[in-house]
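**Q** Structure incoming, see below.
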Amino acid sequence: MNSKYSPIFQPFTLKNGITLKNRMVMAPMTNFSSNQDDTVSDAEVKYYARRSAGVGMVITACTYVTANGKGFHGEFGGDRDEFIPSLKRLASAIKEQGAKAILQIFHGGRQVPPELVNGDVVSASSIPAEGEGKPVPRELSEQEVEAIIRDFGETTRRAIESGYDGVEIHGANGYLIQQFFSPHSNRRDDRWGGSLDKRLNFPLAVVDEVKSVAAKYANDSFIIGYRFSPEEPETPGITMADTLYLIDALSEKDLDYLHVSLMDFWSTPRRGIDDTRSRIEIIQERVGSHVPVIGVGSIRTADEALKALETGIPLLALGREIIMDPDWVQKIAEGKENEIITKIDKTKQHELVVPDPLWQAIIHTPGWFPGV
Ligand SMILES: Cc1cc2nc3c(=O)[nH]c(=O)nc-3n(C[C@H](O)[C@H](O)[C@H](O)COP(=O)(O)O)c2cc1C
């Protein structure tokens with residue numbers, strides 16, 4: 001290995017004492033490839049096993065915690081105990097290759113395709129997402145809100161029973177948890193909405209529930225992370241100032257990490273604060289001394305990873321990059337960083353061990369992956 005890349009391979013110890021063998025993480029990525037009965041498929045197991053040897057930690061695709069939270073065709077289920085053997089297969093496949101296995105837990109809210117939930121699309125309020133033809137969601141009752149919070153806890157218990165090293169609470173990308181925090185989707189005036197503080201109540205209640213379940217069923221080494229998106233384009237919508245308020249509150253929750261969902265690691269704030277630095281640097285300065293931050297977004301090469309680590313962000317996630325090159329981390333370790341593949345080669349599906357539905361999505365979505 002070229003010694004200048006040694007920072008990428010420094011082990012990192014989380015607050016709970018768990019040590020990750022290096023600074024690279026596989027980002028959570030939906031693959032649309034589970035079985036018809038929502039169990040994890042053989043193709044998914046192979047896809048994860050192929051990508052779990054280099055990184056220190058793998059965050060799985062999201063799994064729904066409540067039946068009406070299923071957000072994608074071919075998403076595996078986590079809302080019932082009968083899924084425990086399926087969840088276990090995935091955890092084992094990841095851990096056997098040497099990475100920590102983290103289950104991403106989720107509810108899609110107003111973004112679920114209606115046909116996956118018998119038309120019962122729900123959200124904080126009955127406000128559709130922006131865009132043509134988006135369904136008008138049904139506003140959740142207070143009782144339903146409380147039930148979904150418990151569902152996040154129940155799926156955490158299943159993750160523990162299935163052998164995961166931790167869970168990541170999916171509070172990003174415009175799904176239900178973010179819908180409660182957003183002034184666009186949350187127009188409630190009960191204790192779950194009406195002011196910035198009240199819009200925080202649902203995310204924080206989910207965190208508290210997940211933590212209390214982990215305290216009951218797992219040992220202290222169970223990892224709990226939280227993923228969020230720093231801003232929303234809509235008006236009204238989450239601003240950078242709102243995000244700082246959210247992460248101040250999250251950083252008091254003794255989480256093991258915060259994961260900033262971005263397509264570009266270096267993107268800058270849209271509005272809300274007067275600061276020209278990148279969002280990730282602002283976030284790291286604000287909470288980095290309390291809770292480790294994971295950065296992500298178009299980190300394509302060894303030099304780009306090194307530059308990103310120089311900001312002080314301790315952990316970096318690879319999304320599309322580790323689909324395009326499952327040996328991304330190993331190539332740097334072996335001094336072959338110039339051989340990292342940074343474009344999709346449309347002839348290499350089988351060599352790359354990518355399940356059909358994910359491959360079809362990749363090659364038919366222009367601009368999503370380099371080379372397509
Ligand atoms: C195929 C695909 C599926 C994704 N699914 C999820 C998901 O289930 N949960 C999530 O939090 N982010 C998801 N993302 C976002 C990624 O985790 C990541 O933030 C994004 O791809 C930017 O990182 P990259 O530039 O390294 O790809 C997905 C991205 C891709 C490309």
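The values are calculated or read from the model by the stated rules, or taken from the named source; none is laboratory data. Small disclaimer: the values here were computed from a predicted structure and weren't measured. Every residue, glycine as well, gets a Cβ built from its backbone with ideal geometry; the counts of neighbours run over all protein chains shown. Accessible surface is based on the protein model in full, side chains and every heavy atom, while ligands, DNA and RNA are left aside. Shrake-Rupley method; radii C 1.70, N 1.55, O 1.52, S 1.80 Å.
**Q** Mind listing just one residue for me: the one in segment 143-172 that is aliphatic (A, V, I, L, M), in contact with a helix residue (DSSP H, G or I) (Cβ under 8 Å, 6 or more places away or on another chain) and more than 17 Å from Glu82 (Cβ to Cβ) and, of those, farthest from the ligand (Cβ to nearest atom)?
**A** Within segment 143-172, the match that is farthest from the ligand (Cβ to nearest atom) is Val145.
**Q** Pick from Val167, Val145, Val117: which is in contact (Cβ under 8 Å) with a residue 24 or more places away in the chain, of a type outside the set (Phe, Trp, Tyr) and touching a Lys or Arg at 6+ places or on another chain (Cβ under 8 Å)?
**A** Just a single option satisfies the conditions, and that option is Val117.
**Q** Quickly run through segment 14-50 and pick out the residues that are in contact with a Leu (Cβ under 9 Å, 6 or more places away or on another chain), assigned to a loop (DSSP other than H, G, I, E, B) and of a type in the set (Lys, Arg).
**A** Lys15, Arg23 - these are the residues of segment 14-50 that are in contact with a Leu (Cβ under 9 Å, 6 or more places away or on another chain), assigned to a loop (DSSP other than H, G, I, E, B) and of a type in the set (Lys, Arg).
**Q** Could you tell me whether any residue of segment 96-110 is within 16 Å of the ligand (Cβ to nearest atom) and open to solvent by 20 Å² or more (accessible area, probe 1.4 Å)?
**A** no
**Q** Can you pull out the residues in segment 111-126 that are β-branched (Val, Ile, Thr) and either over 19 Å from the mean Cα position of the chain (by Cα) or open to solvent by 10 Å² or more (accessible area, probe 1.4 Å) (or both)?
**A** Val117, Val121, Val122
**Q** Same structure, new question: Kindly provide the set of residues from segment 332-351 that are in contact (Cβ under 8 Å) with a residue 24 or more places away in the chain and open to solvent by 10 Å² or more (accessible area, probe 1.4 Å), ordered by number.
**A** Scanning segment 332-351 gives Ala333, Glu334, Gly335, Glu337, Ile340, Thr342, Lys343, Ile344, Asp345, Lys346.
**Q** Here are Leu140, Leu196: which of them is of a type in the set (A, V, I, L, M, F, W, C), surrounded by fewer than 20 Cβ atoms within 10 Å (Cβ to Cβ), more than 23 Å from the chain's Cα centre (by Cα) and at pLDDT 95 or above?
**A** One residue alone meets the criteria, Leu196.
**Q** Return the residues of segment 256-310 that are within 16 Å of the ligand (Cβ to nearest atom) and open to solvent by 60 Å² or more (accessible area, probe 1.4 Å); say none if nothing qualifies.
**A** Once the filter is applied, which keeps residues that are within 16 Å of the ligand (Cβ to nearest atom) and open to solvent by 60 Å² or more (accessible area, probe 1.4 Å), segment 256-310 yields Met263, Asp264, Trp266, Arg300, Asp303, Glu304, Lys307.
**Q** Against the definition (under 30 Å from Asp248 (Cα atoms), open to solvent by less than 20 Å² (accessible area, probe 1.4 Å) and within 13 Å of the ligand (Cβ to nearest atom)), how does Val354 come out, yes or no?
**A** In short, no.
**Q** Which of the residues spanning segment 353-367 are in contact with a Lys or Arg (Cβ under 9 Å, 6 or more places away or on another chain) and in contact (Cβ under 8 Å) with a residue 40 or more places away in the chain?
**A** Of everything in segment 353-367, those that are in contact with a Lys or Arg (Cβ under 9 Å, 6 or more places away or on another chain) and in contact (Cβ under 8 Å) with a residue 40 or more places away in the chain turn out to be Val353, Val354, Pro355.
**Q** Only one residue in Phe228, Phe202 is open to solvent by less than 20 Å² (accessible area, probe 1.4 Å), within 16 Å of the ligand (Cβ to nearest atom), within 20 Å of the chain's Cα centre (by Cα) and of a type in the set (Phe, Trp, Tyr), so which one is that?
**A** Going through Phe228, Phe202 in turn, the sole match is Phe228.
**Q** Here's a follow-up. Could you tell me which numbered condition Ser162 fails, if it satisfies all but one of (1) open to solvent by 40 Å² or more (accessible area, probe 1.4 Å); (2) more than 15 Å from Ala205 (Cβ to Cβ)?
**A** (1)
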